[in-house]
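Report on the following structure.
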Amino acid sequence: MSKEQEQARSKNPERQDGVHATLKVTTTRFGELNVTLDKVIELEKPVLGFETHSRFILVEHEEMAPFVWLQAIDEPELAFLMINPTLFFPDYSIEVNPKEVEDIGVVDGSEVETYAIVTVPSDAKQMTANLQGPIVINMFTKQAKQLVLANSRHSVREPLFNESSSSKSSIDTAKKKQTANV
């Protein structure tokens, strides 16, 4: 384990006996959740517009797959709906200068999961994903940040569903891709 990984890991409390301490998180969407402190994600560079919120957890529900929620710990109402962008945009990739992610302890890309925040308007078929401002999470250190991709060919409002596909078939296809990647 590298020095950076050891330092970053020390931010995630674990008792000597290997049992993780727990935290009670109150949410408006999911009620009260008991999570282990090792599941807490610290945003080193918070989501734009929400700079005062830096501690989150990922909430996954099988019936919502492939969507996940980034739930704020200290604000019950604040949660961002997210997707793994490659499930909907197979050619999606980001070029990141290693210096941009060294503050979240990234040593190599295998430790990182990338998500895009989803906006859901009143007509769910018009859902969009912010592919220009992905959330990158170092799953080893539980540190994360929102990147701003200046030279991206994608937009902050990339439609999840194209005109010719139905929402349900696109979600079903994304679920199959997600299952295949597990």
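Every read-out reported here was derived from the displayed coordinates using simple, explicitly stated rules and does not represent laboratory data. The shown structure was predicted, so the numbers you read here are calculated from the model rather than taken from an experiment. With ideal geometry, Cβ positions are generated from the backbone for all residues, glycine too; neighbour counts draw on all protein chains shown.
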Debye intensity ratio I(q)/I(0), log10, the stretch 38-84, q values 0.16, 0.19, 0.28, 0.29 Å⁻¹ (C-alpha model): -0.42, -0.59, -1.10, -1.14
Protection proxy ranking, peptides 29-40, 84-95, average beta carbon neighbours within 10 Å, highest first: 84-95, 29-40
Listed pairs LYS24/LYS45; LYS99/LYS125; LYS24/LYS99 exceeding 28 Å between Cα atoms: LYS99/LYS125; LYS24/LYS99
Ordering of 152-158, 42-48 by packing [mean C-beta count within 10 Å, highest first]: 42-48, 152-158
For the stretch 33-137, radius of gyration divided by Kirkwood radius, i.e. Rg to Rh on alpha-carbons: 0.95
